[in-house]
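Colleague: Structure in structure tokens, see below.
The values are calculated or read from the model by the stated rules, or taken from the named source; none is laboratory data. None of the values given here were measured: they were computed from a predicted structure. FYI the Cβ positions are ideal-geometry reconstructions off the backbone, even for glycines, and counts take in every protein chain you see.
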Amino acid sequence: MIRIAAVGDVHLDENARGRLRPALERVGRHADVLLLSGDLTRHGTVGEMRVVAEEFSGLPVPVVAVLGNHDHHSDAVPEVTDVLHDHDIEVLEGDSVVLPIGPHRLGIAGVKGFGGGFAGKCASAFGEPEIKAFVRHTVDVADRLRKALDALDADARVALMHYAPIPETLQGEPPEIYPFLGSYLLSEAIDATDVDLAVHGHAHYGAEQGMTPAGVPVRNVAQPVIRTAFAVYSIEP
């Protein structure tokens, strides 16, 4: 069994320094790895990400993250990514990492993801250039997730995202904003590969649990949803 701790949407800044650390110090008792599903900061500044790095570094388990839309806001993605890397926090965007967990190998592929909506109620690459660019970005992100998952040589695979791959974990959010919370293309990428668990954030008022059409468990770990420093899920390799 592999135990996976996960949390997203912690939105840390200087005023939140040390808020999560006491609980995080105990994560090794409950989990083998900690996944961060984006929106780690409020405005994506380097200073805010330094708070995040201090909060989540030096833990007794490996930490793997993707960025969220808030982490992109200040147009400093390379800089905030470097801050996390400098604190031994792996950041994924269309790539993957394989971690030894006891006798097993856990593969994690990650992307921020993007919007677009869900089957039957989604945007299409038709009309104005702006709409085409919006949809094509989602197509590209989902394709990178699929390729990263497919390339993993591991006993168990996890898809880590910020945006949602299914509408079920958005229930509680206004339906009008579903197209800005996720895309069914992410779910298609997950179902096209051998995935044991999919983790996302972004939907503060959504539901914790859902499932892709092919039966892959999906968990929304936005902190306002799980209401704790991290949630733990187990998978059998």
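Colleague: Just for helices (runs of 4 or more DSSP H) wholly inside the stretch 36-94: which have at least 1 residues that are of a type in the set (S, T, N, Q) and over 24 Å from Val232 (Cβ atoms)?
Modeller: 69-72, 77-86
Colleague: With the checklist (1) in contact with a strand residue (DSSP E or B) (Cβ under 8 Å, 6 or more places away or on another chain); (2) under 19 Å from Ile108 (Cα atoms); (3) crowded, with 23+ Cβ neighbours inside 10 Å; (4) among the hydrophobic types (A, V, I, L, M, F, W, C) in hand, flag the one item Ala231 doesn't pass.
Modeller: Condition not satisfied by Ala231: (3).
Colleague: Next question. Let me confirm something: among His204, His162, which residue is of a type outside the set (Gly, Ala, Ser), under 12 Å from Gly8 (Cβ atoms), within 15 Å of the chain's Cα centre (by Cα) and surrounded by 18 or more Cβ atoms within 10 Å (Cβ to Cβ)?
Modeller: His162
Colleague: What pairs come out if I take residues in the stretch 40-66 that are on the phi < 0 side of the Ramachandran plot and buried (at least 19 other Cβ atoms within 10 Å of the Cβ) and pair them with residues that are at pLDDT below 95 and small (Gly, Ala, Ser) whose C-beta lies under 7 Å away, six or more apart or interchain?
Modeller: Within 7 Å, the pairs are Val51/Ala16.
Colleague: Give me the pairs: first residue in the stretch 1-23 and farther than 13 Å from Ala53 by Cβ, second residue exposed (fewer than 14 other Cβ atoms within 10 Å of the Cβ) and polar (S, T, N, Q), beta-carbon distance under 9 Å, and six or more apart or on different chains, which are they?
Modeller: Hits for this filter: Met1/Ser234; Ile2/Ser234; Arg3/Ser234; Ile4/Ser234; Val7/Thr228; Ala23/Thr228.
Colleague: Scan the stretch 13-32 and tell me whether some residue there is among the acidic types (Asp, Glu) and closer than 22 Å to Asp150 by Cα.
Modeller: no
Colleague: On to the next question. Quick check on my filter: what residues within the stretch 212-228 are surrounded by fewer than 18 Cβ atoms within 10 Å (Cβ to Cβ) and not in a loop (DSSP other than H, G, I, E, B)?
Modeller: Of everything in the stretch 212-228, those that are surrounded by fewer than 18 Cβ atoms within 10 Å (Cβ to Cβ) and not in a loop (DSSP other than H, G, I, E, B) turn out to be Pro217, Pro224.
Colleague: Which of the strands (runs of 3 or more DSSP E) contained wholly in the stretch 114-211 include at least 1 residues that are touching a residue at least 60 places away in the same chain (Cβ under 8 Å)?
Modeller: Ranges flagged: 156-160, 197-200.
Colleague: Using the structure shown, decide if Arg29 is assigned to a helix (DSSP H, G or I) and farther than 30 Å from Pro237 by Cβ.
Modeller: no
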